[in-house]
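**Q** Got a structure here, written out as structure tokens. Questions coming.
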Amino acid sequence: MSDTNGLIQQIGKLIDQKLEAERTHIGKLIDQKLEPVNKRLDTIEQTQAHMYTAMKALATKHDVEEAVDAAKVELKADIYTLEAKVIKKIHSHERRITNLEEKTDTPNPEKH
């Protein structure tokens with residue numbers, strides 16, 4: 001009976017060795033098959049990261065509207081400043097022309 005037990009143990013060891021060899025072989029085959037898939041996945045992840053980075057740099061509709069509104073306000077302020085300068089110059093010229101007309105006794109051709 002001890003011979004039978006020893007023989008069973010040897011057969012069990014052989015089976016374990018064969019199973020381990022098959023597991024190793026199957027693991028290597030799986031790794032070989034998964035390698036291109038993992039590379040493709042890495043490429044997709046990198047592309048996605050680049051897209052997120054690019055999207056952050058793009059202005060949204062809200063950003064553009066805010067920029068346009070700010071530009072409008074700035075433009076109005078510039079127009080009012082320019083208008084004030086022009087009106088000041090016109091008043092100055094009117095005073096000078098009126099004074100010249102009075103001093104030289106020249107009639108204003110636009111007055112009737």
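**Q** Just to be sure, is Arg96 of a type outside the set (S, T, N, Q), within 40 Å of the chain's Cα centre (by Cα) and surrounded by 10 or more Cβ atoms within 10 Å (Cβ to Cβ)? Show your work before the answer.
**A** On the way: of a type outside the set (S, T, N, Q): yes; within 40 Å of the chain's Cα centre (by Cα): no; surrounded by 10 or more Cβ atoms within 10 Å (Cβ to Cβ): yes.
Judged against the criteria, Arg96 is not a match.
**Q** Filter segment 58-67 for residues that are exposed (fewer than 10 other Cβ atoms within 10 Å of the Cβ) and part of a helix (DSSP H, G or I) and give the result. Please lay out each step first, then the result.
**A** Within segment 58-67, the first condition is being exposed (fewer than 10 other Cβ atoms within 10 Å of the Cβ), and the residues that meet it are 58, 60-62.
Within segment 58-67, Lys61, His62 qualify.
**Q** Answer yes or no as to whether Thr104 is exposed (fewer than 10 other Cβ atoms within 10 Å of the Cβ), out of contact with any Lys or Arg (no Cβ under 8 Å at 6 or more places or on another chain) and of a type in the set (S, T, N, Q).
**A** Numbers: exposed (fewer than 10 other Cβ atoms within 10 Å of the Cβ): yes; out of contact with any Lys or Arg (no Cβ under 8 Å at 6 or more places or on another chain): yes; of a type in the set (S, T, N, Q): yes.
Yes: the conditions hold for Thr104.
Just so you know, all these numbers are worked out from the coordinates, no wet-lab data involved. In this text, all values refer to a predicted model and were calculated from it rather than measured experimentally. No Cβ is skipped: glycine too gets one built from the backbone with ideal geometry, and neighbour counts run over all protein chains shown.
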